[in-house]
Amino acid sequence: QVQLVESGGGLVQAGGSLRLSCAASGRTSNTYTMGWFRQAPGKEREFVASIAWSGSNTHADSVKGRFTISRDNAKNTVYLQMNSLKPDDTAVYYCAAGSTFIQITEATLVGYWGQGTQVTVSS
């Protein structure tokens with residue numbers, strides 16, 4: 001089993017920045033690919049960003065140029081740097097992990113989920 005624990009969420013004004021962290025523990029050999037999804041009230045969970053053990057990564061079009069995913073393999077931790085935040089970015093952000101070599105761009109590819117951390121962007 002893998003446990004994922006997120007931190008770093010909070011309230012920020014539009015245009016501000018936040019950095020989310022997600023630490024993995026347990027059978028971390030199953031976290032070849034890690035990523036972030038988000039879910040706003042009344043909406044489906046959506047892909048935000050994904051990164052492989054190698055550092056290869058991909059981001060959703062809606063966050064490209066504003067959000068950056070990175071990881072520290074020695075710490076089994078993935079980060080999401082969020083800049084130029086907008087009210088539309090308000091959501092619960094979930095850390096995700098998968099044991100395949102495929103970027104986890106869809107929820108069906110995710111093997112493990114974190115508990116989520118709230119990000120609220122005020123206008």
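The values are calculated or read from the model by the stated rules, or taken from the named source; none is laboratory data. As the structure is a prediction and not an experimental result, all values here were calculated from the model. Cβ coordinates were reconstructed from backbone atoms using ideal geometry, including for glycine residues, and neighbour counts include every protein chain displayed. These accessible areas exclude ligands, DNA and RNA; they are computed on the full protein's heavy atoms, side chains included. Shrake-Rupley method; radii C 1.70, N 1.55, O 1.52, S 1.80 Å.
Restricting attention to the range 106-123 and to residues that are part of a loop (DSSP other than H, G, I, E, B) and in contact (Cβ under 8 Å) with a residue 60 or more places away in the chain, the residue that is farthest from Pro87 (Cα to Cα) turns out to be Gly111.
Among residues of the range 61-83 that are on the phi > 0 side of the Ramachandran plot, those with a Cβ under 9 angstrom from a residue that is assigned to a loop (DSSP other than H, G, I, E, B), sequence gap 6+ or separate chain, pair up as Gly65/Asn83; Gly65/Ser84; Asn76/Thr31. Kindly evaluate Val5 against the criterion of being open to solvent by less than 60 Å² (accessible area, probe 1.4 Å), β-branched (Val, Ile, Thr) and in a strand (DSSP E or B). No. Residues of the range 71-99 that are more than 10 Å from Met34 (Cα to Cα) and of a type in the set (Ser, Thr, Tyr): Ser84, Thr90, Tyr93, Tyr94.
Taken over the range 25-41, the criterion of being at pLDDT 95 or above and of a type in the set (Gly, Ala, Ser) is satisfied by Gly35, Ala40. Among residues that are touching a Ser or Thr at 6+ places or on another chain (Cβ under 6 Å) and under 14 Å from Val63 (Cβ atoms), Gln103 is not included.
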